[in-house]
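Report on the structure given below.
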Amino acid sequence: MLVKNTGTSPIDVDSAVDVLVDGEYVSDRNVTIAGDSTATNWRPGATARITVERELEPGTHRVVVRVASNEAALEFEVPVVDEPADVSYVADPENETVDDGETITYDVTVTDGFGDPVDGVEVEADATDGFDVDIDGDGDVTTGTTGSDGTVTFDVSSDTSQEDVDVAFTELVNDHSATGQATWEGEQEDGTLSGTVTTSTEDGEDEDLEGEEVTIESSPTRTTTIEDDGTYDFGSVEGGEYAFRIDADGHRTYETTIIVDDETTKDASLAGNVENVDAGTGFTSLAAAADDVGDGETLELAAATYDESGGAAAVAVDAADVTVRSLGDRDETVLDAGGADAGLAVTGDEVSVDGLTVQNVDSSGIGVSLESVVESRLENVAVVGAGTGVDVSGSEQVEFEGIDVSANGDGVRVSGSQIVTLRESSVSDNAGGGIVVTDTTDVTVSDSIVSDNGGDGVRIVDGDTISVDYSRFANNDADGMQFRDTRYVEVVYSEMVENGGNGVLVQADEETIDPSVEYYRIWFNDVADNDEYGMWAEDSDKPDGGNDDLGGGELVVDDERINGEENWWGDEDGPEAEGANGVSGETVRYEPFADEEISQAGTR
């Protein structure tokens, strides 16, 4: 190690220098001054050579040089003998340029971290960047194995003139690579263009491609169609470079660059719109892919409309730990349920769906159903036009984030479940209720908008442990929020405004609600401009004689009323002011109240 004295005093090299290797003190270090090997003082600005004789295992090592309270550290890697660390090549000819039809020879060498050749390493040669390139007679991708000199040879040729084609050489142990650039010179002659198109999908047939379009773009753009045997033929085509594209229903758009040079053939195999990235299979149908997916696998969806047939469920996911994710925008990745009773039915645990729009479900059906599942999640999912947008039943640890549920009957329904979370979502413009929850424990609504629904914004019956924050419940035809026979409720920093009923309604119907035992905190909110009361809490006896439609449940307020403190009621003088949203003072404690709008209320 070469170490410089950056201080202002000389250092005694025999006694003042300590060295640690991988945390262990070294007593046999040798310190000499560069340029003066007999010196015993290490002068300021001078460089010392510190030598330690050690055998080190491969891996990361750390050396510390310490003088008094000052120290410097060096970390370095010891490579593994015979482990590939670098790839290089020598081309013949050296400039990698020949006439079309001729061959460029590449000697590719793999070395380890010491620069020594490594024998027996498989190397992949890939020239897919070019057109009509052949490597060792095996097509545009092949492999070879290094010999005792660490070298493998590839012969690369093309009958088509083209420039700067990337030829990548990758050793397949640690994926180190080097890339050549091959050029074949010559004239691109007028000729013909034809080929055969096949499908690589599990559920498609080659004959299904009949009538699909093949396009070449230059000036002008030309289009032909695929025949019943999978072939296409453009006939005569001027020599040159073209953008080549195939658009086939159920398949990802195939795009590449081709070169027409005399009689030219371009075959293509089309990937499906749905890819199982773990199984390496493709599908034209999302339903078929979901039927085939196994536990722990991922389906990737191209941006497309997936027209699935009707029935009980257009798409059903029964396997566990499945991820379904779109590669494009949610609005462009559409599941058309074809009038099915359910668009997407999930019964497997730990299922995640991201980036999908579900539509055209039966008007009395369910857009997305999650039944008896654990740890499942919808993210960036939209549901429109169903009887119920999203239905959760008998499930645990279900999470919604960034979903948009609109123009359905009811928006989101949850029953018999626990630990259900809705974040950064919109549940709006549904004909019935926005969010309807029954017999469910631990419900969280955060940073969400629930508005313009035909019923209550949120209605929770027989619920337990409800948390709502930073959300907006507005312009719903009935109550902004309604809690019936529900305990342990906290609503904070939210807006309950301009609803057709109450901002918040609390009812004891069949159960006893005692705020002194089971907390009820609806505070630090904006509650204003609702058609009825800002907050009303009742049972069959109170307040003002109670509600005869309620059963024998009791709202116990002898020791503690519903906590409605620090809310903004639409007037600086509180809920009793003229024009403010009132409260049921017998059952709701509203003082102290905010004398201005709560700045934190609503979505963040």
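So the values come out like this:
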| quantity | calculated |
| --- | --- |
| Test result for residue 161, at pLDDT below 95 and of a type in the set (S, T, N, Q) | yes |
| Of all residues making up the stretch 430-451, the number that are outside any strand (DSSP E or B) and under 22 Å from the mean Cα position of the chain (by Cα) | 2 |
| Entirely in the stretch 270-350, the strands (runs of 3 or more DSSP E) that have 1 or more residues that are surrounded by fewer than 22 Cβ atoms within 10 Å (Cβ to Cβ), out of contact with any Pro (no Cβ under 9 Å at 6 or more places or on another chain) and β-branched (Val, Ile, Thr) | 281-283, 298-301, 305-307, 323-326, 334-336 |
| Boolean, residue 131 is surrounded by 15 or more Cβ atoms within 10 Å (Cβ to Cβ), within 38 Å of the chain's Cα centre (by Cα) and not small (Gly, Ala, Ser) | yes |
| Residue list for the stretch 405-452, restricted to those being among the aliphatic types (A, V, I, L, M), surrounded by 21 or more Cβ atoms within 10 Å (Cβ to Cβ) and touching a Gly at 6+ places or on another chain (Cβ under 7 Å) | 405, 412, 427, 435, 437, 443, 450 |
| Which numbered condition residue 22 fails, given (1) of a type outside the set (Phe, Trp, Tyr); (2) modelled with pLDDT of 90 or more; (3) surrounded by 15 or more Cβ atoms within 10 Å (Cβ to Cβ) | (3) |
| Every residue from the stretch 369-384 that is open to solvent by less than 40 Å² (accessible area, probe 1.4 Å) and either of a type outside the set (Ser, Thr, Tyr) or closer than 19 Å to residue 326 by Cβ (or both) | 370, 373, 376, 378, 381, 382, 383 |
| Scope the stretch 216-232; condition touching a residue at least 24 places away in the same chain (Cβ under 8 Å), open to solvent by less than 40 Å² (accessible area, probe 1.4 Å) and under 13 Å from residue 197 (Cα atoms); matching residues | 226, 230, 232 |
| Residue within the stretch 508-517 that is of a type in the set (Ser, Thr, Tyr), closer than 25 Å to residue 592 by Cα and touching a strand residue (DSSP E or B) at 6+ places or on another chain (Cβ under 7 Å) present | no |
| Pair list, Cβ under 7 Å, 6 or more apart: the stretch 46-64 residue surrounded by 15 or more Cβ atoms within 10 Å (Cβ to Cβ), other residue of a type in the set (Ser, Thr, Tyr) and assigned to a strand (DSSP E or B) | 48/32 |
| Residue 169 vs. criteria in contact (Cβ under 8 Å) with a residue 60 or more places away in the chain and outside the structural domain of residue 266 (by the TED database) | yes |
| Of residues in the stretch 453-497 being small (Gly, Ala, Ser) and in a strand (DSSP E or B), the one surrounded by the fewest Cβ atoms within 10 Å (Cβ to Cβ) | 467 |
| Residue 393 being under 26 Å from the mean Cα position of the chain (by Cα) and either farther than 22 Å from residue 304 by Cβ or free of Cβ contacts under 8 Å to residues at least 12 places away in the same chain (or both) | yes |
| Scope the stretch 141-156; condition under 13 Å from residue 182 (Cα atoms) and open to solvent by 30 Å² or more (accessible area, probe 1.4 Å); matching residues | 155 |
| Number of positions in the stretch 408-429 that are over 15 Å from residue 445 (Cβ atoms) and outside any strand (DSSP E or B) | 4 |
| So residue 201, is it touching a residue at least 40 places away in the same chain (Cβ under 8 Å), open to solvent by less than 50 Å² (accessible area, probe 1.4 Å) and part of a loop (DSSP other than H, G, I, E, B) | yes |
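The values are calculated or read from the model by the stated rules, or taken from the named source; none is laboratory data. If you're wondering where the values come from, they're calculated on a predicted model, not measured in any experiment. So basically every Cβ, Gly included, is an ideal-geometry build from the backbone, and we count neighbours across all protein chains shown. These area figures cover heavy atoms from the full protein model, side chains too; ligands, DNA and RNA do not enter into them. Shrake-Rupley method; radii C 1.70, N 1.55, O 1.52, S 1.80 Å.
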